[in-house]
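The values are calculated or read from the model by the stated rules, or taken from the named source; none is laboratory data. This is a predicted model, so every value here is computed, not measured. Every residue, glycine as well, gets a Cβ built from its backbone with ideal geometry; the counts of neighbours run over all protein chains shown. Side chains included, ligands, DNA and RNA excluded: accessible areas come from the protein's heavy atoms. Shrake-Rupley method; radii C 1.70, N 1.55, O 1.52, S 1.80 Å.
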Amino acid sequence: MSRQVKQWAFITACVALTVTAMTFAIRAGMLSQLSLVLQLTDSQLGWVNAMAFFGFPVATIVGGALYKVLGAKRLLMIAFIGHILGLLCTLFASGFYSLMFATFLIGLANGAVEAGCNPMVTQLFPGKQTTMLNRFHVWFPGGIVLGALVSISMTYLGLGWQSQFACLLVPTLLYGVLLIRLPDNFTEEQTPANSQRPALKALFSPLFLFMLLCMTLTASTELLTQQWIERILRESGASAMLTLALITGVMAVGRYFAGPVIKQLNPLGVLLMSSVTAYLGIRFMSIAQGTEVYYAAIIFALGVTYFWPTMLGFVSEKLPRTGALGLGVMGAAGMLAVSIWNPVIGQLIEREQAPGTQNAFDTLVALSYFPLSLIVAFGLLLLGSFYKARRQTPKEVCHDS
């Protein structure tokens, strides 16, 4: 594969992921407006959010299983069609069920982007998979920053939720145009020709199952907090969308410079450090008011920055036999967990009728249990790896002088 094709493929993937992130950000910013215009309760909003996160794992599992058959370009074409249809259906949504269907289509498209791009990046850069996955995933928080700024600007200009979703058609059409220039089957020469049987077998290894469980917790820590931030912080005295832009801006910078951090701490050390920092950030945010919220948001952002791409990179490097299917299943597990928890968070917010401080406290304390569990999980895994390394170190042979 030529260097030019490799760079073009990576740019296309980054633009597609940016669209995924912008749908996330604008939906997060529009929850209150959707609630008013379409007369939706917080519980119903939770189910709408759940559809985005439920459509994602369906696409990543199916896409991961068919990656060797379809290839990255075809999966991105499926994502492009899904984004166009999902956005159009959103624009014409008239109530709860039509909005759920539209959001599910967008979730499918978002999952197809991940199913096609994550294994593609590991194939394009086999010598530095975790670093380049972090660099690719810069464009998820980067896209959220763009989406949040677009939402703030359009809201200030008096433009409603339909106009804000309509603007997403522009970057979607852009990555559709970029796709046309990619050659068909450009990853074929780097794709192993063996069957999926070894990958399926590797999925049931104890380490993969353990990381799968951890993925549900890392994704919930990161995405639930961000998706509900506008409702959680609505009476905190801080701008929820500016807080979201701040969080994701810090994440984008951190992921771009992930290489030295990963080299210094190793992936497990990064994940443990991230869990501790995320827990502290959420607990601080639960009691913060006014400008304190922004400081808490920075701590939280430093915690969740490396979660998603480092989890994928760890599996790709330590469990290479799982292949594209393994990456798809990991992404699916994370988003499925977020899908399941979204209605629960919506009900928790809805039950709290007291002014925002108590509401934010109860919801954020509940969210803090996810990173708290991760501290224990990654701490045990890191201790186990140290113990295993010591046992495998050959004993030095002492000689008499």
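Brief remarks on what is shown
- In segment 197-246, the chymotrypsin sites (Phe, Trp or Tyr not before Pro) that fall in loop regions by DSSP, at most 14 other Cβ within 10 Å: 204
- Among the listed pairs 68/263; 73/388; 6/388; 263/388; 6/201, those whose Cα-Cα separation exceeds 29 Å are 68/263; 73/388; 6/388; 6/201.
- Accessible surface ranking that places the most exposed of 378, 257, 96 first, with a 1.4 angstrom probe: 257, 96, 378
- Evaluating kT/(6 pi eta Rh) at 4 °C and 1.567 mPa s, with the Kirkwood radius of segment 82-149 over Cα pairs in the Stokes-Einstein relation, gives 95 µm² s⁻¹.
- Cβ crowding within 10 Å averaged over residues, with 116-126, 361-371 ranked highest first: 116-126, 361-371
- Kirkwood hydrodynamic radius (C-alpha pairs) into Stokes-Einstein, segment 143-299, 37 °C and 0.692 mPa s, D in µm²/s: 171 µm²/s
- Percent of C-alpha pairs per 20 Å bin in the chain, short distances first: 29, 58, 12, 1, 0.
- Note on segment 1-155: with neighbouring protein chains present and a 1.4 Å probe, carbon and sulfur make up 72 percent of its accessible heavy-atom surface.
- For the chain, the per residue solvent-accessible surface stands at 43 Å², with DNA, RNA and ligands left out and a 1.4 Å probe.
- Order by protection proxy (mean Cβ within 10 Å, highest first), peptides 83-93, 242-252: 242-252, 83-93
- Extension gain for residue 205 to residue 391 (0.36 nm times residue separation, less C-alpha to C-alpha distance): 64.8 nm.
- Debye intensity ratio in log₁₀ form over the Cα atoms of segment 52-92, taken at each q of 0.31 Å⁻¹: -1.06
- Taking 0.692 mPa s as the viscosity and 37 °C as the temperature, the Stokes-Einstein diffusion coefficient of segment 223-339 based on its alpha-carbon Kirkwood radius rounds to 216 µm²/s.
- Summed residue charge, Cβ within 15 Å of residue 260's Cβ, Lys/Arg positive, Asp/Glu negative: +4
- Value in Å of the Kirkwood radius, where segment 17-68 supplies the Cα pairs that are averaged: 12.5 Å
- Between the exposed loop cleavage positions of the chain, defined as trypsin sites (Lys or Arg not before Pro) in a non-H, G, I, E, B DSSP state with at most 12 neighbouring beta-carbon atoms within 10 angstrom, the longest gap is 182-394.
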